[in-house]
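Q: Quick one: structure below, then a few questions.
The values are calculated or read from the model by the stated rules, or taken from the named source; none is laboratory data. Computed from a predicted structure; not experimentally measured. Here Cβ is always computed from backbone atoms with ideal geometry, including for glycine, and neighbour counts include all displayed protein chains.
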Amino acid sequence: GPLVRVVASAVGTDSLALSRRRTLLELEGAHLSAQRAYAQAGLKPADIDLFELHDAYTIITALSLEAAGFALPGEGVSLGQSGATALDGDLPIATMGGLKARGHPVGATGVYQLVEATLQLREEAGANQVQNAHTAMTQSIGGTGATVVTHILQRER
């Protein structure tokens, strides 16, 4: 299959203590991590074809979509309800079922996301294949959002 490269890898952090955060309705570490990855890759949210996000909890899905710039604050749930995040939507997420579908093996979650993104970009994802995917983003969250790692991968043309 085609070669897939990691074109960005970035970390963002926030306080582990929720009481010290500016707000509980934003994932600052996820926002910082995504923005740094976009800058490294010279890309913007509209350039991402699929997003393997950290959906261990439903609310984290919505907050991650907002933090990564795919939805405005408070509109992450609406984005999901619109169908845009479905396998055939504008921004497919969790294309093989997400963290809960695989049992969320905490230490291996980020690696599994990279494997799924690579399978998508190599067009080896079978029935879950996102058509014409060239650029994928993964985001793994540690703790309650205190440490967040974002990778952007691209298939060579």
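Q: Take the range 36-49 and flag every residue that is part of a helix (DSSP H, G or I) and buried (at least 18 other Cβ atoms within 10 Å of the Cβ).
A: Result: Ala37, Tyr38, Ala41.
Q: So, one more: Mind counting the residues in the range 92-101 that are surrounded by 13 or more Cβ atoms within 10 Å (Cβ to Cβ) and either of a type in the set (Gly, Ala, Ser) or over 16 Å from Ile60 (Cβ atoms) (or both)?
A: The total comes to 5.
Q: Do we find a residue being at pLDDT 95 or above, in a loop (DSSP other than H, G, I, E, B) and not basic (Lys, Arg) anywhere in the range 55-69?
A: Within the range 55-69, one or more residues are at pLDDT 95 or above, in a loop (DSSP other than H, G, I, E, B) and not basic (Lys, Arg).
Q: Please identify the pairs in which a residue from the range 75-92 that is assigned to a loop (DSSP other than H, G, I, E, B) has its Cβ atom under 8 Å from the Cβ atom of a residue that is surrounded by 15 or more Cβ atoms within 10 Å (Cβ to Cβ) and among the polar types (S, T, N, Q), counting only partners at least 6 apart or on another chain.
A: Taking only residues 6 or more apart or on different chains, the pairs are Leu87/Thr95; Leu91/Thr85; Pro92/Thr85.
Q: Filter the range 7-35 for residues that are closer than 20 Å to Glu156 by Cβ and either aliphatic (A, V, I, L, M) or assigned to a loop (DSSP other than H, G, I, E, B) (or both); which is farthest from the chain's Cα centre (by Cα)?
A: Restricting to residues being closer than 20 Å to Glu156 by Cβ and either aliphatic (A, V, I, L, M) or assigned to a loop (DSSP other than H, G, I, E, B) (or both), the top hit is Val7.
Q: Looking at Leu25, Leu32, Leu18, which is the one that is within 13 Å of Glu66 (Cβ to Cβ), out of contact with any helix residue (DSSP H, G or I) (no Cβ under 6 Å at 6 or more places or on another chain) and aliphatic (A, V, I, L, M)?
A: Only one candidate qualifies: Leu25.
Q: Out of Thr85, Thr138, Thr118, I need the residue that is crowded, with 21+ Cβ neighbours inside 10 Å, within 18 Å of Val4 (Cα to Cα) and either at pLDDT below 95 or among the polar types (S, T, N, Q) (or both). Which one?
A: None of the others qualify; the one that does is Thr138.
Q: Under the condition of being under 13 Å from the mean Cα position of the chain (by Cα) and of a type in the set (A, V, I, L, M, F, W, C), which residue from the range 131-149 is nearest to Thr109 (Cα to Cα)?
A: Among residues in the range 131-149 that are under 13 Å from the mean Cα position of the chain (by Cα) and of a type in the set (A, V, I, L, M, F, W, C), the one nearest to Thr109 (Cα to Cα) is Ile141.
Q: Can you tell me how many residues in the range 115-157 are within 27 Å of Ser15 (Cβ to Cβ) and not β-branched (Val, Ile, Thr)?
A: 8
Q: Also: From the list Glu75, Glu52, Glu28, which one is in contact with a Ser or Thr (Cβ under 9 Å, 6 or more places away or on another chain) and surrounded by fewer than 21 Cβ atoms within 10 Å (Cβ to Cβ)?
A: Just a single option satisfies the conditions, and that option is Glu28.
Q: Residues in the range 116-129 that are within 15 Å of the chain's Cα centre (by Cα) and outside any helix (DSSP H, G or I): how many?
A: 0
Q: Go through the residues of the range 104-114 one by one and say whether even a single one is of a type in the set (Ser, Thr, Tyr) and loosely packed, with under 15 Cβ neighbours inside 10 Å.
A: Looking for residues that are of a type in the set (Ser, Thr, Tyr) and loosely packed, with under 15 Cβ neighbours inside 10 Å, one finds none in the range 104-114, hence no.
Q: Separate question: Please give the number of the condition Ala108 fails out of (1) in a helix (DSSP H, G or I); (2) modelled with pLDDT under 95; (3) over 18 Å from Ser9 (Cα atoms); (4) not hydroxyl-bearing (Ser, Thr, Tyr).
A: Checking Ala108 against (1) in a helix (DSSP H, G or I); (2) modelled with pLDDT under 95; (3) over 18 Å from Ser9 (Cα atoms); (4) not hydroxyl-bearing (Ser, Thr, Tyr), the one that fails is (3).
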